[in-house]
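Read the structure below first, then the notes.
The values are calculated or read from the model by the stated rules, or taken from the named source; none is laboratory data. All values reported here derive from a predicted model rather than from experimental measurement. No Cβ is skipped: glycine too gets one built from the backbone with ideal geometry, and neighbour counts run over all protein chains shown. Side chains included, ligands, DNA and RNA excluded: accessible areas come from the protein's heavy atoms. Shrake-Rupley method; radii C 1.70, N 1.55, O 1.52, S 1.80 Å.
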Amino acid sequence: MKIHHEGTNILIMLFIVLAALNIPVWLFLPPWILPAALSALSLLVYSFVFNFFRCPKRTYHGDATDLVVSSVDGKVVALEKVYEPEFLRSEAILLSVFMSPLNVHANWYPTSGVVEYVEHHNGRFISAYLPKSSTENERSTIGMRCDNGQLITIRQIAGAMARRIVTYASVGERARIDEHLGFIKFGSRVDIYLPLDCEILVKMGQITSGGLTPIARLKKK
């Protein structure tokens, strides 16, 4: 287990701020009950943020041929046929995974292939659990051509708490299933748009682990 580099500066600054609050309280505000209460609260806050930026190293050890794995830790909240107008420009199966603030928020590539499209969109910050967040919230869209020739779309979506989407993917780069494509800070959602003829391997409400849980198997194009 390590801390994601997106959280390093935040954790350092938070530690300095909490120390600056706690040290004077312990020095100048007796009795010890009030300083101890503030220190306990500070420890709770720091532990929450530290936990949020944890970044486990994960490697998919099974046969990844034609396989799509979950990009994130979370819960499957949507599984339906929709029209994807941005990259695929066709009907697709939408599979959405919602991340709570307690989940790991690193985003993995769901499969190996080549990145053909990357676009960031400004937007609102309504709850990522709502279906309309997919088109109204701040979001980044990544289009990939998988190794078997199929096209998929991955969409990072900011939530009510999230205020920054980080996308590492760039057009033309080779993407691998064990690599990070980005990070979303403090509560969010990732949508994956899959071909209609793929085999879905998860169901509504299922808990997934990013980089590990198989969610679909693609047919060769």
Counted residues in segment 1-50 being assigned to a loop (DSSP other than H, G, I, E, B) and open to solvent by less than 70 Å² (accessible area, probe 1.4 Å) come to 1
Residues of segment 99-115 being among the polar types (S, T, N, Q), touching a residue at least 60 places away in the same chain (Cβ under 8 Å) and assigned to a loop (DSSP other than H, G, I, E, B), which ones? Ser100, Thr111, Ser112
Among the numbered criteria (1) in contact with a Ser or Thr (Cβ under 7 Å, 6 or more places away or on another chain); (2) within 12 Å of Val104 (Cβ to Cβ); (3) open to solvent by less than 10 Å² (accessible area, probe 1.4 Å), which single criterion is violated by Gly211? (1)
Any chance Tyr83 is hydroxyl-bearing (Ser, Thr, Tyr), under 22 Å from Leu151 (Cβ atoms), assigned to a loop (DSSP other than H, G, I, E, B) and within 27 Å of the chain's Cα centre (by Cα): no
Counting just the residues of segment 175-186 that are in contact with a helix residue (DSSP H, G or I) (Cβ under 9 Å, 6 or more places away or on another chain) and part of a loop (DSSP other than H, G, I, E, B), which one comes out surrounded by the most Cβ atoms within 10 Å (Cβ to Cβ)? Lys185
When residues of segment 69-119 are filtered for being among the aliphatic types (A, V, I, L, M) and within 16 Å of Arg174 (Cα to Cα), how many remain? 3
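Determine, yes or no, whether Leu196 is open to solvent by 10 Å² or more (accessible area, probe 1.4 Å), over 19 Å from Asn51 (Cβ atoms) and in contact (Cβ under 8 Å) with a residue 12 or more places away in the chain. Steps first, please.
On the way: open to solvent by 10 Å² or more (accessible area, probe 1.4 Å): yes; over 19 Å from Asn51 (Cβ atoms): yes; in contact (Cβ under 8 Å) with a residue 12 or more places away in the chain: yes.
So Leu196 fits the description; yes.
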